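Worksheet: one structure, shown below.
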Amino acid sequence: MVNGLPHTLWPAHCEEGTVGASFHKDLDVRDSDFVYNKGTSKDWEEYSAFGNSEMGKFTTFAEELRSRGISKLYICGLATDYCVCETAIDGADQGFSVVLLEDLTRGIAPDTTRRAKARMRSAGVEIQTVDQLLT
């Protein structure tokens, strides 16, 4: 329990300096690109890049985005039903236009992934594929 709420930390994953935290070799990441690392606390889970509102823990992600003039977010990654979902919903709650790139995202389980997509749609997140985005 943390702050009176049930709280479980996931096993270590995507740790800095490991293959799991590396960008795909075909992704063009430049020195000028903005890279924001989340989930850096060992004491509380941070599904969303914006923080953990249930615990009153927030990051500077929204401010960093706004300071760069970013108003639209394209979200992809792992896992649809946890980190991706919470980041997308929090982004919409923070006033950003949010698009989930469905074909660049995977969930842990089919049932929780379906529920996550429904939650995202209800929060105003647009769900598209890359092909839909490019046409």
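The values are calculated or read from the model by the stated rules, or taken from the named source; none is laboratory data. Here the structure is a predicted model, which means the values were calculated and not measured. Here Cβ is always computed from backbone atoms with ideal geometry, including for glycine, and neighbour counts include all displayed protein chains. The protein model used for the area step is the full one, side chains on, heavy atoms only, and it has no ligands, DNA or RNA in it. Shrake-Rupley method; radii C 1.70, N 1.55, O 1.52, S 1.80 Å.
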If you go through segment 89-97 one residue at a time, do you hit one that is farther than 13 Å from Ser48 by Cβ and open to solvent by less than 20 Å² (accessible area, probe 1.4 Å)? no
Return yes when Ser67 is modelled with pLDDT of 85 or more, polar (S, T, N, Q) and under 25 Å from Thr129 (Cα atoms) and no when it is not. no
